[in-house]
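Report on one structure; see the data block that follows.
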Amino acid sequence: MSPTILIPEQTETVFREASEDDHPALLALEGSSSGHTGAELLQARDNFFARSDAYSTSQVLVAEQDGEVIGVECLALTDVRVGGHNCTAGYSFNTRIQPGHQRRGLGPALLLAAERWAKEQGASYLTGLIKTTNAPSMKMVTKLGWETVARFDYLVLELARFDGIAAPRAVPFDLYHDPHVMDLRLAAVGSHHFVPLFLEKELFSPAPPGAYAGSWTASNRHGAAWLSLWDDRTARGLDLAAFRAVKAYDLVLEGPGALNAFAGLVAALRERGIRHLLLPLPAESYACGLLRPYAAEVVDMNFMVKRLGESHPVPAGPIYFDIRH
């Protein structure tokens with residue numbers, strides 16, 4: 001039975017699992033835009049459930065009042081390694097409240113429901129991403145015991161801005177056909193926290209199980225670049241011809257000639273119709289500083305964590321960004 005809760009200044013707000021019948025209301029609640037520019041690229045999709053469906057265990061929770069969907073909270077579960085220990089972490093995303101129902105306690109109620117769900121699933125942590133400029137949300141989650149453990153800059157790279165940079169030819173790789181390179185890439189993230197335990201299956205697996213779209217490398221005498229692609233446009237219900245932005249991850253830039261090497265990757269991707277890369281990078285990283293001038297927009301986000309039960313604090317160190325976000 002769906003639980004009925006009482007929220008200040010509201011009555012009979014029902015929390016229940018979303019159904020396919022809710023899809024139009026959920027897209028409207030999210031405020032989907034057909035422009036597909038700037039920060040909207042991060043969320044753009046015609047299939048609202050695509051992000052949660054990317055995980056093996058997930059739930060979309062809606063808040064309903066008088067038969068109308070007025071809020072939503074998406075949740076997912078993933079096995080991770082935190083500070084060298086294997087555990088499970090929940091991920092809270094797409095928390096939305098309908099205008100006119102905000103500042104009435106519904107947001108905290110949704111997050112507390114997410115916390116209960118994560119605990120029931122055996123999670124040790126609940127995580128989420130919040131824009132650094134979203135002061136009300138930051139204030140809300142901090143009151144609920146969430147901590148900021150890292151900051152990511154999500155770069156919307158406009159590939160045309162690399163025109164004119166001398167670039168070596170890029171070489172494509174399929175990690176599944178090169179176990180040695182696969183082992184190197186997996187080892188490279190071993191020191192991170194919140195690393196997906198089955199990284200090779202969850203992020204590198206070819207379609208249809210996943211959306212790994214290959215990797216590229218380029219090098220010159222003074223530098224090298226490596227990049228992998230995560231093309232989930234079809235899963236999100238987007239037209240590949242009209243929506244020419246693809247997610248990128250596992251970036252490596254080495255040496256003083258790294259920018260020129262990266263420009264080689266850009267040239268190969270543009271030949272394949274890609275116009276923008278959506279690339280999350282640690283805010284203070286060398287790669288972020290090098291590529292920020294080529295971004296059409298930068299979305300700064302705090303990586304937030306709520307410790308559940310007796311879980312240990314997150315050790316200081318790099319956080320691996322799961323591109324399915």
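Every read-out reported here was derived from the displayed coordinates using simple, explicitly stated rules and does not represent laboratory data. As the structure is a prediction and not an experimental result, all values here were calculated from the model. Cβ atoms come from the backbone with ideal geometry, glycine included; neighbour counts cover every protein chain shown.
Reported to the nearest whole Å, the Cα centre-to-centre distance from region 44-88 to region 294-325 is 16. Per residue, the average separation of C-alpha pairs within less than 8 Å and at least 6 apart gives region 155-299 a relative contact order of 34 percent. Net charge of the neighbourhood of PRO315, taken over other residues with C-beta under 15 Å away and scored Lys/Arg +1, Asp/Glu -1, is +1. Take every DSSP beta bridge whose two residues both sit in the chain; close to 90 percent of them are antiparallel. The Cα atoms of the chain give a gyration tensor whose axes a ≥ b ≥ c have a/c of 1.5 or more with a/b greater than b/c, which makes the shape prolate. For region 249-325, applying the loop criterion from DSSP together with a ceiling of 13 other beta carbons within 10 Å to the GluC sites (Glu not before Pro) yields GLU284, GLU310. Over the residues of the chain, the helix contribution to mean residue ellipticity at 222 nm works out to -6000 deg cm²/dmol, using -39500 (n - 2.57) for each DSSP H run of at least 4. Our coupling estimate for region 277-292, obtained by passing each phi through the Karplus curve with A = 6.51, B = -1.76, C = 1.60 and θ = phi - 60°, is 10, 9, 10, x, 9, x, 4, 9, 7, 4, 4, 5, x, 6, 9, 3 Hz, Gly and Pro reported as x.
Note on LYS306: aspartates and glutamates with a C-alpha under 12 Å away, same-chain residues under 8 apart excluded, are GLU115, GLU147. All other residues whose Cβ lies under 10 angstrom from that of LYS306 are scored, Lys and Arg at +1 and Asp and Glu at -1, for a net of -1. Once C-alpha pairs closer than 8 Å and six or more residues apart are averaged by separation and normalised to the residue number of the chain, the relative contact order reads 22 percent.
Springs between Cα atoms under 10 Å define the GNM used for the chain, and in it the highest mean-square fluctuation of LEU75, LEU144, LEU197 occurs at LEU144.
Put simply, the amide H of LEU197, placed in the peptide plane, has neighbours under 5 Å in ASP79, VAL80, ARG81, leaving out anything fewer than 5 places away on its chain.
Give the average over all directions of the projected area of the C-alpha convex hull of region 224-325, one decimal, in nm². Before the final figure, lay out the partial values.
Working: hull surface 33.4 nm².
Mean shadow area of the hull around the Cα atoms is 8.3 nm².
With a ≥ b ≥ c taken as the square roots of the eigenvalues of the C-alpha gyration tensor of region 155-299, please select rounded if a/c is under 1.5 and otherwise prolate if a/b is larger than b/c or oblate if it is not? Here region 155-299 falls in the rounded category.
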